[in-house]
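Chemist: Got a structure for you, written out below as structure tokens; questions coming shortly.
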Amino acid sequence: MRPWSLHCLLMAFVVCFILPAAAEAQVIPFAGNFGQGLAPSDNQMIFQSVARLNAVEPSKVGQSDSWSNPETKSSGT
């Protein structure tokens with residue numbers, strides 16, 4: 001085998017087997033509660049938190065706002 005053929009074979013292996021495995025390992029951050037996702041009330045609290053951050057003047061990089069839903073025991077920042 002030529003050196004470039006071996007290189008192409010190695011790259012094909014990476015593309016076909018390694019990259020799909022890495023993509024499958026990615027986690028959906030909002031799939032809490034054992035994969036059931038967030039409740040509609042949790043999503044509403046997230047959007048309210050985002051609205052509070054967007055309303056702050058002057059906005060600064062790194063600002064955060066916490067939310068917590070005692071009904072579902074979900075929370076975030």
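Chemist: So, of the residues in segment 47-77 that are polar (S, T, N, Q) and in a loop (DSSP other than H, G, I, E, B), which turns out to be nearest to the chain's Cα centre (by Cα)?
Modeler: Step one: of segment 47-77, the residues polar (S, T, N, Q) are 48-49, 54, 59, 63-64, 66, 68-69, 72, 74-75, 77.
Narrowing the set further to residues that are in a loop (DSSP other than H, G, I, E, B) leaves 59, 63-64, 66, 72, 77.
Details: Ser59: 23, Gln63: 19, Ser64: 17, Ser66: 17, Thr72: 20, Thr77: 14 Å.
This residue is Thr77.
Chemist: Also, I was wondering about something else. As an exercise: evaluate Leu38 against (1) assigned to a helix (DSSP H, G or I); (2) at pLDDT 85 or above; (3) among the aliphatic types (A, V, I, L, M) and give the number of the one condition it does not meet.
Modeler: Leu38 satisfies all of (1) assigned to a helix (DSSP H, G or I); (2) at pLDDT 85 or above; (3) among the aliphatic types (A, V, I, L, M) except (1).
Chemist: Among the residues of segment 37-74, what is the count of those that are of a type in the set (S, T, N, Q) and touching a Leu at 6+ places or on another chain (Cβ under 8 Å)?
Modeler: Within segment 37-74, the first condition is being of a type in the set (S, T, N, Q), and the residues that meet it are 41, 43-44, 48-49, 54, 59, 63-64, 66, 68-69, 72, 74.
Going one step further and asking which of them are touching a Leu at 6+ places or on another chain (Cβ under 8 Å), we end up with 59, 63-64, 72, 74.
So the answer is 5.
The values are calculated or read from the model by the stated rules, or taken from the named source; none is laboratory data. None of these values were measured; they are calculated from a predicted model. Because the Cβ atoms are built from the backbone with ideal geometry, glycine has one as well, and the counts that use them run over all protein chains shown.
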